[in-house]
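K.L.:
Provided herewith is a single structure, encoded as structure tokens, for subsequent inquiry.
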Amino acid sequence: MSKQMYRNLVLAGIIFALAVIVKVMIIKVLLMAVAVGNAAVGVLLYRYYTLSRDTRLYTRIFTDRLEHLQKSGLMGDMLKVTLYYDEIERSSQDSRGNMCFKLKMQNKTTAEKISRRDRSSAYVIKDGLLTLKFIDTKAKLTLIDMLHEQIKYPKKNYNVITDDDDYYSEDDMMWDKLHKHGL
């Protein structure tokens, strides 16, 4: 599938080069639009293909830490993170649904970049901000539901409205003939 993506990108480059050479403006604009569309389709197909196959990505949730392996870029590099809950200052989600962790210290938390050829190198966490991309939504929701206190995630507490008295007045009976309290 990555070969197909590269073919689409090369074809998009050739079409774009032809668009530069052509003198007629309408054809030039159309060729540029086709080139951009071809490149976008190639990248999107590759992206969805990588999401649907076994990519060795995982999230392991423990009582004291989180182990996470995520994709890092289009070239097949991965980021392996071991995040300890006691080092988290706060956490949130960005607009793309990624979990963002602000770390107050980095004594035990580790991150390493693993290349396609399984070579690992240290990954520097910039400004104590670590962003994790979850392919498995269930793992992220489990992390938020069960461990929101440990990861310092702002969990909303909704007010539960209950009707403690089941007494119906004459007005209730008149206005609510099915006895549903307005439902």
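The values are calculated or read from the model by the stated rules, or taken from the named source; none is laboratory data. All values reported here derive from a predicted model rather than from experimental measurement. Here the Cβ is made from the backbone with ideal geometry for all residues, glycine too, and neighbour counts use every protein chain on show.
K.L.:
For the condition modelled with pLDDT of 85 or more, touching a Gly at 6+ places or on another chain (Cβ under 9 Å) and either part of a helix (DSSP H, G or I) or assigned by TED's automatic domain parsing to the domain that holds Leu11 (or both), what is the one hit in Ala33, Ala39?
P.N.:
Result: Ala39 is the single residue among Ala33, Ala39 that is modelled with pLDDT of 85 or more, touching a Gly at 6+ places or on another chain (Cβ under 9 Å) and either part of a helix (DSSP H, G or I) or assigned by TED's automatic domain parsing to the domain that holds Leu11 (or both).
K.L.:
Let me ask something else about it. Tell me, which residue of the stretch 73-98 that is part of a strand (DSSP E or B) and basic (Lys, Arg) is nearest to His148 (Cα to Cα)?
P.N.:
Here the answer is Arg90.
K.L.:
Which one is nearest to Arg96 (Cα to Cα), of the residues in the stretch 141-153 that are of a type outside the set (S, T, N, Q) and not in a helix (DSSP H, G or I)?
P.N.:
Ranking the candidates gives Tyr153 first.
K.L.:
Across the stretch 1-29, what is the number of residues that are part of a helix (DSSP H, G or I) and in contact (Cβ under 8 Å) with a residue 40 or more places away in the chain?
P.N.:
Matching residues across the stretch 1-29 total 3.
K.L.:
All but one of (1) outside any strand (DSSP E or B); (2) touching an Asp or Glu at 6+ places or on another chain (Cβ under 6 Å) hold for Lys138; state the number of the condition that does not hold.
P.N.:
It fails just one condition, (2).
K.L.:
Could you tell me which of the residues Lys80, Lys23 is buried (at least 17 other Cβ atoms within 10 Å of the Cβ), charged (D, E, K, R) and at pLDDT 80 or above?
P.N.:
From the options Lys80, Lys23, the qualifying one is Lys80.
K.L.:
Looking only at the stretch 127-183, count how many residues are closer than 29 Å to Thr59 by Cα and modelled with pLDDT of 65 or more.
P.N.:
30
K.L.:
Can you tell me how many residues within the stretch 75-87 are more than 19 Å from Lys102 (Cβ to Cβ) and either in contact (Cβ under 8 Å) with a residue 40 or more places away in the chain or not assigned by TED's automatic domain parsing to the domain that holds Phe134 (or both)?
P.N.:
Matching residues across the stretch 75-87 total 3.
K.L.:
Could you tell me how many of the residues in the stretch 62-76 are modelled with pLDDT of 85 or more and either within 16 Å of Ser121 (Cβ to Cβ) or crowded, with 16+ Cβ neighbours inside 10 Å (or both)?
P.N.:
5
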